[in-house]
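Structure first, commentary second.
The values are calculated or read from the model by the stated rules, or taken from the named source; none is laboratory data. If you're wondering where the values come from, they're calculated on a predicted model, not measured in any experiment. Heads up, the Cβs are rebuilt from the backbone with ideal geometry, glycines too, and the neighbour counts pull from every protein chain shown. Surface accessibility is based on the protein's heavy atoms, side chains included, excluding ligands, DNA and RNA. Shrake-Rupley method; radii C 1.70, N 1.55, O 1.52, S 1.80 Å.
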Amino acid sequence: MPEQHPTTPYDALLLLSFGGPEGPDDVVPFLANVTKGRGIPEERLKEVGKHYFLFGGVSPINEQNRALLDALREDFAAHGVDLPVYWGNRNWAPYLTDTLREMAKDGRRRIAVLATSAYASYSGCRQYRENLADALATLAAEGIEPPRVDKLRHYFNHPGFLRPMTDSVIASLADLPEDVRAGAHLAFTTHSVPVAAADTSGPVNEHGEGGAYVAQHLDAARVIVEAVRAETGVEHPWRLVYQSRSGAPHIPWLEPDICDHLETLSEQGVPAVVMAPIGFVSDHMEVLYDLDTEAAAKAAELGLPVRRSATVGADPRFAAAVRDLLLERAAAERGQPVERCALGALGPSHDLCPVGCCPARAPRPAAAGADSPYA
């Protein structure tokens, strides 16, 4: 029998992310990639890209992924996990297909994939799996044997994801003026998605009002609220709200929007708000613009003190959580018993996305699931 290592059967980890422009000339081509197939004219893309141009045409997401890569490699080395870590993006360099091609040529045959999206949804899970299938099909068409890819489970309720955000909420509360701190409300924010997509998120038995997408966010928020109460002695009122809507106005999306919510709280006489972007792994453009720019301007207009807590980013505890997810999945693939870390009421998520999980409007092949064309 060959020697079994803690990471067997995996011979590499792939960090899979969204990607972002790294200069003004990248903005429109990047947005063209994101909206490919929708027939959006270049002038409209330039208008959409104004958020990026405000920041010099640079999204922070790629630099943040580089920091996370460094944190993962440092954590792996410190804990004896001898596994190379690669990085590929859906919409900008380094492109996913190029990275998988490199991995295949390096002899990587079984790859664990960490997506920088913690929750179940079409755009946060299945679309990543569709992109993986597209990339693997491209390799096969080039005569390269595609490696097997396994996506690590959703980590919205892993302590290594929730604890850093809890600490940041507590720090943001402490940063508020003392006379408004105790009465501050918590606004947990995440990306709005079409209501129909939310309702069909997660496995079929979890479909319904809001689906797994809303349920998972609510569960994560409750854990943070309780941890804040335990540490500070104050139970702050809270609500899950949404940001970054980008769809047609006639299609219902999850609400309320963060800016509308701030207006409501101001009308109710709430003295302060902490905005906690629990739906995001890093402080990328949608956090910097929609919260730090747009929502902050709305709060200033209302005379409402606000603070914005940080995402997990490259926090060492999150890197340790990724190691934990990798080793638990490797052990499960070897047929060994696994104790899975999860806080809250929902328990650990599934390893393998079942048939019907987060369905697309038009069926497309998706890797790393029960319906994957790649075993």
Expressed as a whole-number percentage, the relative contact order of the range 90-194 with C-alpha contacts under 8 angstrom and at least six residues apart is 29 percent
What shape does the range 14-62 take by its C-alpha gyration tensor, where a ≥ b ≥ c are the square roots of the eigenvalues and a/c under 1.5 counts as rounded, a/b above b/c as prolate, and the rest as oblate?
-> oblate
Simple spin-label model, 7 Å along Cα-to-Cβ: D106 to D70 in nm?
-> 1.9 nm
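Calculate, in nm to one decimal, what F53 and H350 gain on full extension: separation in residues at 0.36 nm each, minus their alpha carbon distance.
103.0 nm
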Solvent-accessible area, 1.4 Å probe, carbon plus sulfur percent, for the chain | 52 percent
Descending packing, highest mean Cβ count within 10 Å first, for 191-203, 59-71 is 191-203, 59-71
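Work out, in µm²/s and without decimals, the Stokes-Einstein translational diffusion coefficient of the range 247-294 at 4 °C, 1.567 mPa s, Rh from Kirkwood over C-alpha pairs.
Values: Rh = 12.5 Å.
In µm²/s, the coefficient is 103.
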Calculate, in nm to one decimal, what A300 and N205 gain on full extension: separation in residues at 0.36 nm each, minus their alpha carbon distance.
-> 29.9 nm
Pull out a ≥ b ≥ c, the square roots of the eigenvalues of the alpha-carbon gyration tensor of the chain, then state rounded if a/c is under 1.5, prolate if not and a/b is larger than b/c, and oblate in the remaining case.
-> prolate
Place the peptides 306-313, 260-267 in order of packing, highest mean first, counting for every residue the other Cβ atoms within 10 Å and averaging per peptide.
-> 306-313, 260-267
Cα gyration tensor of the range 305-367, axes a ≥ b ≥ c as square roots of the eigenvalues: rounded (a/c below 1.5), prolate (a/b > b/c) or oblate?
-> oblate
Residues other than M103 with Cβ under 14 Å of its Cβ, Lys/Arg counted +1 and Asp/Glu -1, net out at -1
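Report the extension gain between D175 and E235 in nm, rounded to one decimal, defined as 0.36 nm multiplied by the number of residues separating them, less their alpha carbon distance.
The span from D175 to E235 would gain 19.9 nm if fully extended.
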Might you tell me the accessible area per residue for the range 119-213, computed with a 1.4 Å probe and given in Å²?
-> 33 Å²
Ranked highest first by average number of other Cβ atoms within 10 Å, how do 43-56, 8-21, 238-251 line up?
-> 8-21, 238-251, 43-56
Quote the accessible area belonging to E142 in square angstrom, nearest 10, computed with a 1.4 Å probe and with ligands, DNA and RNA left uncounted.
-> 90 Å²
Can you list the lysines whose alpha carbon sits under 24 Å from that of K105, skipping same-chain ones fewer than 8 residues off?
-> K151
Measure off 7 Å from each Cα along the Cα-to-Cβ vector at S246 and T35, then give the distance between these two points in nanometres to one decimal.
-> 0.9 nm
Check the straight Cα-Cα distances from K50 and name the aspartates and glutamates below 19 Å, setting aside those fewer than 8 residues away within the same chain.
-> E22, D25, D26, E42, D283, E286, D290, D292, E294
Show that you can apply the helix-only estimate: for the chain, add -39,500 (n - 2.57) for every DSSP H stretch of four or more residues, divide by all residues, and state [θ] at 222 nm to the nearest 500.
-> -12000 deg cm²/dmol
Length-normalised contact order of the range 1-158 in % [C-alpha pairs under 8 Å, at least 6 apart] | 30 percent
At a Förster distance of 51 Å, what's the computed FRET efficiency of A182 paired with E145, Cβ-Cβ distance as r, to 0.05?
-> 0.25
Mind checking the log10 I(q)/I(0) for the range 268-375 at q = 0.13, 0.21 Å⁻¹? Debye, one equal scatterer per Cα, no solvent, two decimals.
-> -0.80, -1.15
Amide N of the range 72-111 lying under 18 Å from the label point, which is placed 7 angstrom from the Cα of D134 along Cα→Cβ = 88-102
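Only Cα pairs under 8 Å and at least 6 apart count here; give the relative contact order of the range 240-301 as a rounded whole percent.
On the way: 27 pairs, mean separation 24.1, N = 62.
That works out to 39 percent.
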